[in-house]
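The values are calculated or read from the model by the stated rules, or taken from the named source; none is laboratory data. On a predicted model such as this, the values are computed, not experimentally measured, just so you know. Here the Cβ positions follow ideal geometry from the backbone for every residue, glycine too, while neighbour counts run over all protein chains shown.
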Amino acid sequence: MKKIHLSVIWIWCGILALAMLWGGLHLYADRQTLPKGVRVGGISMGAMDKTAALRLLDEKLDALKQRPLILTDNDSSAQDIKLTLGDAGITYNASAFRNGVKALGSEHLWTRVQTRFTFEKEWSVTPSRQENALKAQLGTDWEEQRYGMPVNAVRQITPYDQVHYIPGRSVRRLDWPKLNVALDKALPKDLTASGEPVRVELPFRQLEPDITVDSLRGEGIERKIVQFSTSLGSSSEGRVYNVNSAASTVDGLILKPGDIFDYGQIIAKAERTQGFREAPVIVNGQLESGIGGGICQVSSTVYNAALRVGLDIIERRNHSLPVSYLPKGQDATFATGSINFRFKNNTGKHLLLRAAVQNRMLTVKFFGTFPSNVSYELESRTVRVLPIPEKKIRNGSFSPGFYQVLRQGREGYVVETYRIKKVDGKTVERTRISRDTYHAQQRIVAVPDESTSSEPQTREPQKRIIEDGIR
């Protein structure tokens, strides 16, 4: 009986001890305060009420968000940029501490006990940045307004045909990788810092223009390599205008290595931008009034310049009639849709074409790279003279033996042209570049009608080809 009584006593003692332990654990785990000695971002929060501690944390984080951020410019004339850390997309993360506080209130007793017992004494706050937030305020438009745009270098041809360069101008742009590093270094690492502004000096890089002196020099437009002129003589006002219109469209044209000069494109652009006026054109071998007369003087002058620097002529045809401003065999005609003039830039460098009319002279110049000891000459010779054909027109009102010359004819020519290459003044190559035919013009004579036939004379219509004009 004694033994049973002692057992009961020990059982009740055990129950009481467990109850006291259970109660003690509840008292320990259910505290609404943080453990002693806890610091968050350098701020002491030990033994603080959990809700009050979280409220204090939020206040400190909000204060950090509103802390001034001053971005200074090393240009003394430029104003500093004043923002807040929040404006720059900078926030501080204390999620680890918040999760720890949340675990202190877990519904599981053992979790609460274990969390409180192992609760860290030091908690950090970590800054994070949304880079796009700052870039939205200091983006491309802001940079262009504050620091301007790069200015391209310019190539100039002086009145004395010297090639000069005007340097471009680079501008400053924010160096974002360096700015990000500087910001990360300058940001407060805890909550204890005062409200003094965070200062960061803006780092810059130079934005170069698309076109620099070096890039222009690399094109190889070093000097004037050829010049050729033809006279406008007594050309009419309309013809002079047309030559000017085509020449000004050629002026300033740059051909890259391998590019094709296409005179048809030049004429199309000139007609679109400046137009052409009435002047004599060649229609099926006869001079008539038309629109654009004179444009072939430009193509012919360019042709001569191209020949004299050894360029590859892709397409070219002579006029049906000789021209007054060039020797036979050295002209280049044009007819919209049927006859074109084209050559290729085979110099390996860029070519700059200049063309202008001054004192009734059309002058074409090429600027580029060309050996100074190499030159080209042209030689044209007539290999055949074509007789003047005669056409008789019968007139019933004429007396027998009477006749009248309505149009004097002209002889035609077959002409061969050679290009002669010289190196150091000595001929090293002689190449025939063309064999041209200038058709003879009919001599038209009116004579008495001595035929007995009443049938009218007929002829097939001839296709209308307009040279040296557009219509």
Answer yes or no: is there a residue in the stretch 435-449 that is closer than 13 Å to ARG394 by Cα, at pLDDT below 80, of a type in the set (Gly, Ala, Ser) and assigned to a strand (DSSP E or B).
yes
Would you mention how many residues in the stretch 247-282 are touching a residue at least 60 places away in the same chain (Cβ under 8 Å) and closer than 25 Å to ILE157 by Cα?
17
Checking GLN156 against (1) touching a residue at least 24 places away in the same chain (Cβ under 8 Å); (2) in contact with a His (Cβ under 6 Å, 6 or more places away or on another chain); (3) of a type in the set (S, T, N, Q), which single condition isn't satisfied?
(1)
Can you tell me which of PHE366, PHE343 is surrounded by 13 or more Cβ atoms within 10 Å (Cβ to Cβ), closer than 26 Å to THR158 by Cβ and modelled with pLDDT of 95 or more?
PHE366
Can you find a residue that is of a type outside the set (S, T, N, Q), exposed (fewer than 13 other Cβ atoms within 10 Å of the Cβ), within 30 Å of ALA78 (Cβ to Cβ) and touching a strand residue (DSSP E or B) at 6+ places or on another chain (Cβ under 6 Å) anywhere in the stretch 175-191?
yes
With SER215, SER229 as the choices, which residue is surrounded by fewer than 17 Cβ atoms within 10 Å (Cβ to Cβ) and either under 20 Å from the mean Cα position of the chain (by Cα) or modelled with pLDDT under 95 (or both)?
SER215
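Per-residue answers, yes or no, for (1) among the basic types (Lys, Arg); (2) under 23 Å from the mean Cα position of the chain (by Cα); (3) surrounded by 14 or more Cβ atoms within 10 Å (Cβ to Cβ); (4) at pLDDT below 95:
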site: GLY252; (1), (2), (3), (4): no, yes, no, no
site: LYS256; (1), (2), (3), (4): yes, yes, no, no
site: ASP262; (1), (2), (3), (4): no, yes, yes, no
site: PHE276; (1), (2), (3), (4): no, no, yes, yes
site: ALA279; (1), (2), (3), (4): no, no, yes, yes
site: VAL283; (1), (2), (3), (4): no, no, yes, yes
site: GLN286; (1), (2), (3), (4): no, no, no, yes
site: GLY294; (1), (2), (3), (4): no, no, yes, yes
site: SER300; (1), (2), (3), (4): no, no, yes, no
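Residue by residue, here is whether (1) among the aliphatic types (A, V, I, L, M); (2) not in a loop (DSSP other than H, G, I, E, B) holds:
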site: GLN227; (1), (2): no, yes
site: ARG239; (1), (2): no, yes
site: VAL309; (1), (2): yes, no
site: ILE313; (1), (2): yes, yes
